[in-house]
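Participant: One structure coming up, written as structure tokens, with questions to follow.
None of the figures in this text is laboratory data; all of them are computed from the coordinates on show. Quick caveat, the model's predicted, so the values are computed rather than measured. We place every Cβ from the backbone using ideal geometry, glycine too, and count neighbours over all the protein chains shown.
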Amino acid sequence: MDESDETYSRVKALVEPFNKKDVAVTPDTRFQQDLEWDSLTVLNFVAEVEDEFDVLIPVNMQAEIETIGELSAALDKMKA
Amino acid sequence: MSDLFSKFDPLIEQREALLSTGLTDPFNLVMERVESPTVAICNGRRTILLGTYNYMGMTFDPDVIAAGKKALEEFGSGTTGSRVLNGTYATHKECEDALKDFYAMDHAMVFSTGYQANLGIISTIAGKEDYIVLDIDSHASIYDGCALGNAQIVPFRHNDIEALEKRLKRVPEGAGKLVVLEGVYSMLGDIAPLKEMVAVSKANGAMVLVDEAHSMGFIGEHGRGVAEAQGVIDDVDFIIGTFSKSVGTVGGFCVSNHPKFEILRLVCRPYVFTASLPPSVVATAATSIRKLMHGADKRAHLWQNSKKLHAGLKALGFTLGTEEPQSAIIAVIMPDLKTGAAMWEALLDEGLYVNLARPPATPAGMTLLRCSLCAEHSEGQVDEILAMFGAAGRATGCI
């Protein structure tokens, strides 16, 4: 996953409104440790991602996704 | 050895920082005596209770107390057993009969708490291949019910009908669907657009569960809740409720018309693997539920109280959780935890108890002073409450 990936840039744009700590976002940025999102922020962010990509990302699946790059890859897989 | 408690350090530090300012601990209040549904003695001082969920003021009802005493004497202090073994007494059946009559439904199942009712029903009926679509602001007991089970969990934006519909349409063909909603959301006291949401759920082949914990007894023509008030109760598959609010004791329940409902008594683990409620508790609940069927005057007074407090707080300049009063909960939004805690203490010093609510229990990281009214609050008490809010608000710079 590199910076020029289309899915990644769409996800990155969705991250920004929730990026309250102004963390410099890369594909390796972790939602919990780097962005310091609490569970409620994660839920709200996931709802945005679901609508942008027209998919469902159940809570159970979220547990396996740690970074923005991983999320982008998971979305590519779902849309494939 | 790593200390398993080190994960709590941030919370311990936050608490210590707050209490080191000399503030009274908002989560450690002791009521030394309770005089009525609306008044208790706290720290030796007469305190008006405005944060108890005792909506219909049934806790000191003479008939309710008499029923409890009688059951205590006739059936003893506890059942010492599960509902499916030695823990079902005549009192438990009477309580379930009262619920069936109250909701005009075929089946009623009583749990030891409302928390366990959500935990049990949600975790049991939605299996591994099924999807639970729930409002993001759902109560902890709903989320914990989801976590206990194996279903796919999909939250949607609070009270957003379109967000619910979109998610239902994305569920894979053939998968079972359970939509979980609440009548009244307890943090801000706002109600759900159940009419539209239940219709959307049914149109997409989902079963619907509505938690009416904060509406029982005073919303809807018969006090059956928001689903009744909005005319969709017949399309709701499961209603979850509690005895620890309007009913005035402790316990939880689920009522339903599902023809196979009774099987849950054998497969629902939070029902099977715990002791049943003491006979005195279910006897007080049964009596209270039957009295709530005839509580029209009390209901009307509760609504008057809610409107008066909402209008009064707004006039004082406070920011409230809803534009108009939608339930018996009025949430006063505080700018931050520090101010909220200071305001909470100032109110207690004035002689008023409200709930201090803060993240993660609250939506959007808000700090709230949550007020819940009681049908037994007199008009004069509501005036007193408003005067105390005014004084405390000015003293802490909130208004």
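Participant: Pairs to check: B:Lys70/B:Lys93; B:Lys128/B:Lys177; A:Lys77/B:Lys177; A:Lys79/B:Lys128; A:Lys20/A:Lys77. Give those whose C-alpha atoms are more than 20 Å from each other in this structure. Mind dumping the intermediate values first?
Facilitator: On the way: B:Lys70/B:Lys93 16 Å; B:Lys128/B:Lys177 11 Å; A:Lys77/B:Lys177 24 Å; A:Lys79/B:Lys128 23 Å; A:Lys20/A:Lys77 29 Å.
Those over the limit are A:Lys77/B:Lys177; A:Lys79/B:Lys128; A:Lys20/A:Lys77.
Participant: How big is the gap, in Å, between the Cα center of region B:332-358 and the Cα center of region B:168-190?
Facilitator: For region B:332-358 versus region B:168-190, the Cα centre distance is 32 Å.
Participant: So, one more: Relative to the present Cα-Cα distance, how much length would full extension add between B:Asp383 and B:Arg269 at 0.36 nm per residue of separation? Kindly include the intermediate steps, with their values, before the conclusion.
Facilitator: Numbers: separation 114, 0.36 × 114 = 41.04 nm, distance 4.72 nm.
Answer, rounded to one decimal: 36.3 nm.
Participant: Sticking with this structure for a sec: Could you list A:Trp37, B:Trp303, B:Trp344 in order of exposure, starting from the residue whose Cβ has the fewest other Cβ atoms within 10 Å? Show your work: numbers first, answer last.
Facilitator: Values: A:Trp37 20, B:Trp303 17, B:Trp344 26.
The most exposed by this proxy come first: B:Trp303, A:Trp37, B:Trp344.
Participant: Further question: Using 7 Å Cα-to-Cβ label points, what is the B:Ala361/B:Phe5 separation (nm, one decimal)?
Facilitator: With each label placed 7 Å out from Cα toward Cβ, I get 2.3 nm.
Participant: Now, a different point. With the crude spin-label approximation of a point 7 Å out along Cα→Cβ, what separation in nm comes out for B:Asn28 versus B:Glu173?
Facilitator: 6.1 nm
Participant: Here is a further query. What is the distance in Å between the Cα centres of region B:66-136 and region A:1-53?
Facilitator: 43 Å
Participant: If amide hydrogens are placed 1.01 Å from N in the peptide plane, which non-local residues have theirs closer than 5 Å to the one on B:Gly252?
Facilitator: Excluding prolines and chain starts, which carry no amide H, the hits are B:Phe111, B:Ser112, B:Thr113, B:Gly114, B:Phe243.
Participant: Highest first, please rank the peptides B:229-235, B:207-213 by the mean number of other Cβ atoms sitting within 10 Å of their residues.
Facilitator: Numbers: B:229-235: 16.9, B:207-213: 26.4.
Descending packing order for the listed peptides: B:207-213, B:229-235.
Participant: Only Cα pairs under 8 Å and at least 6 apart count here; give the relative contact order of chain A as a rounded whole percent.
Facilitator: On the way: 61 pairs, mean separation 33.4, N = 80.
The normalised contact order for chain A reaches 42 percent.
Participant: I'd like to know which of B:Phe389, B:Gly127, B:Thr362 lies farthest towards the positive end of the charge dipole of chain B, counting +1 on Cβ of Lys and Arg and -1 on Cβ of Asp and Glu.
Facilitator: B:Gly127
Participant: Taking θ as phi - 60°, what are the ³J(HN,Hα) couplings along region B:132-137 by the Karplus curve (6.51, -1.76, 1.60), each to the nearest whole Hz, with x for Gly and Pro?
Facilitator: Karplus-based 3J(HN,Hα) across region B:132-137 equals 10, 10, 9, 5, 4, 8 Hz.
Participant: Could you rank the peptides B:65-76, A:22-33 by their average count of other C-beta atoms within 10 Å per residue, with the highest value first? Please report the intermediate quantities before stating the final value.
Facilitator: Values: B:65-76: 16.5, A:22-33: 14.0.
Taking the mean over residues of other Cβ atoms within 10 Å, the ranking is B:65-76, A:22-33.
Participant: Next up: Would you order B:Leu134, B:Leu148, B:Leu373 from fewest to most other beta-carbon atoms within 10 Å of each residue's own beta-carbon?
Facilitator: Taking fewest neighbouring Cβ atoms as first place, the list is B:Leu148, B:Leu134, B:Leu373.
Participant: Per residue of B:155-162, how many C-beta atoms from partner chains lie within 10 Å of its own C-beta, taken as a mean?
Facilitator: Working: counts 9, 4, 5, 2, 0, 1, 0, 1.
Shielding by partners across B:155-162 averages 3.
Participant: What percent do you get for the relative contact order of chain B when only Cα pairs under 8 Å and 6+ apart count?
Facilitator: 22 percent
Participant: From the backbone phi of region B:289-303, what are the Karplus-calculated ³J(HN,Hα) couplings (6.51 cos²θ - 1.76 cosθ + 1.60, θ = phi - 60°) in whole Hz, Gly and Pro given as x?
Facilitator: With coefficients 6.51, -1.76 and 1.60, one gets 4, 5, 5, 5, 5, 10, x, 4, 5, 4, 4, 4, 5, 4, 5 Hz.
Participant: Quickly rank B:3-12, B:116-125 as a protection proxy: mean count of other C-beta atoms within 10 Å, highest first. All intermediate terms of the calculation are to be shown ahead of the outcome.
Facilitator: On the way: B:3-12: 9.0, B:116-125: 25.7.
By packing density, highest mean first, the sequence is B:116-125, B:3-12.
Participant: How far is it, in nm, from the label point at B:Asn150 to the one at B:Glu324 when both lie 7 Å from their Cα along the line to the Cβ?
Facilitator: Inter-label distance under the simple model: 4.7 nm.
Participant: Could you list which residues have their amide H under 5 Å from that of B:Asp211, counting only those 5 or more apart in sequence or on another chain, with H placed in the peptide plane?
Facilitator: B:Leu181, B:Glu182, B:Gly183, B:Ile240
Participant: Still on this structure, I have one more. With charges set only on the Cβ (+1 for Lys and Arg, -1 for Asp and Glu), what does the dipole of the protein assembly as shown come to about its Cα centre, in debye to the nearest 20?
Facilitator: Details: 42 positive and 66 negative charges, 277 e Å.
Charge dipole of the protein assembly as shown: 1340 debye, to the nearest 20.
Participant: Per residue of B:360-369, how many C-beta atoms from partner chains lie within 10 Å of its own C-beta, taken as a mean?
Facilitator: Values: counts 3, 0, 1, 2, 3, 4, 0, 0, 0, 0.
Per residue, the number of nearby Cβ atoms from other chains is 1 on average.
Participant: Here is a further query. Can you give the mean number of other chain Cβ atoms that lie within 10 Å of the Cβ atoms in peptide A:45-58?
Facilitator: Mean shielding by partner chains, rounded to a whole number: 4.
Participant: With +1 on each Lys and Arg Cβ and -1 on each Asp and Glu Cβ, how big is the dipole of chain B about its Cα centre, in debye rounded to the nearest 20? Walk me through the numbers on the way to the answer.
Facilitator: Working: 35 positive and 47 negative charges, 53 e Å.
Computed charge dipole of chain B: roughly 260 debye.
Participant: Report the charge-dipole magnitude of region A:3-79 in Debye, nearest 20, computed about the Cα centre from +1 at each Lys and Arg Cβ and -1 at each Asp and Glu Cβ. Don't skip to the end; give the middle numbers.
Facilitator: On the way: 7 positive and 18 negative charges, 15 e Å.
Dipole about the Cα centre, nearest 20: 80 debye.
Participant: Something else about it: Using amide H atoms built 1.01 Å from N in the peptide plane, name the residues 5+ places from B:Leu320, or on other chains, whose amide H lies under 5 Å from its own.
Facilitator: Result for B:Leu320 returns B:Ile333.
Participant: Which net charge results when you count Lys and Arg as +1 and Asp and Glu as -1 among the other residues whose beta-carbon is under 13 Å from that of B:Pro259? Intermediate results must be reported in sequence, preceding the final value.
Facilitator: Values: positive: B:Lys260; negative: B:Asp106, B:Asp237, B:Glu262.
Residues close to B:Pro259 contribute a combined charge of -2.
Participant: Once you have the Cα-Cα distance between A:Glu48 and A:Thr26, take 0.36 nm times their residue separation minus that, and quote the gain in nm to one decimal. Before the final figure, lay out the partial values.
Facilitator: Numbers: separation 22, 0.36 × 22 = 7.92 nm, distance 1.91 nm.
Length gained between A:Glu48 and A:Thr26: 6.0 nm.
Participant: Can I ask one more? For a footprinting-style exposure proxy, rank B:Thr249, B:Thr319 by other Cβ within 10 Å, fewest first.
Facilitator: Result, fewest neighbours first: B:Thr319, B:Thr249.
Participant: Something else: Return the sequence-ordered ³J(HN,Hα) values of region B:160-166 in whole Hz as given by the Karplus equation 6.51 cos²θ - 1.76 cosθ + 1.60 applied to θ = phi - 60°, using x for Gly and Pro.
Facilitator: Computed from phi, the couplings for region B:160-166 are 9, 4, 5, 4, 5, 4, 4 Hz.
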